[in-house]
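We did not get these values from a lab; they are worked out from the coordinates using the rules stated. Keep in mind that what you see is a predicted model, and the values were worked out from it rather than measured. A quick note on method: Cβ atoms are made from the backbone with ideal geometry, for glycine too, and the neighbour counts reach across all protein chains shown.
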Amino acid sequence: MATNQQLTTIKCLILDHFFTFNELSTIISYTPDLRRLHFSHTHERDTTIESMSSIALTNLTYLSLRIFSLNFHDFEIFIGKIHSKLITLSVNISSNDITYLDAYRWERLILQHLSQLERFSFQYLDHVDNEHHRYFEGLNQFCSAFWIKRQ
């Protein structure tokens with residue numbers, strides 16, 4: 001964890017490299033004034049997300065993530081550990097976990113942890129096979145009153 005002498009005044013940070021959540025937590029502990037953050041997460045090297053400390057980013061309003069091979073449950077835990085006032089969340093996901101397409105899970109996550117969110121961008125990439133074809137009907141969940149009200 002950073003000491004007062006090690007803190008920076010960086011307000012925008014673009015990490016164009018793959019990090020685990022624990023590595024990210026260490027890096028941003030030096031940036032209490034951070035307002036905008038963009039980073040890529042890789043799950044292959046990550047340890048258990050539950051062991052990650054909470055991250056207080058009271059000035060953070062913009063978060064852009066590229067996520068590879070992380071399940072939605074662990075993503076929810078990560079978002080729950082960030083204490084910020086996010087206005088914009090942009091998520092680009094490459095995963096085989098179709099739970100990312102569950103609009104009701106997103107709705108619950110936004111209501112519980114992202115109450116000030118105004119802009120939400122979401123891209124999901126999966127290799128389509130017969131098992132996942134059945135889920136396309138579930139995409140209609142994103143047409144509920146919750147989502148329509150936020151267009």
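Annotation: the stretch 4-149 has a Kirkwood hydrodynamic radius of 16.1 angstrom, from the mean reciprocal C-alpha pair distance.
For a quick check: sort Trp106, Trp147 by the number of other beta carbons within 10 angstrom, fewest at the front.
Trp147, Trp106
Tell me which lysines have Cα within less than 24 Å of Lys11's Cα, excluding those fewer than 8 residues away on the same chain? The reachable lysines, counting only those whose Cα sits under 24 Å from Lys11, are Lys81, Lys85.
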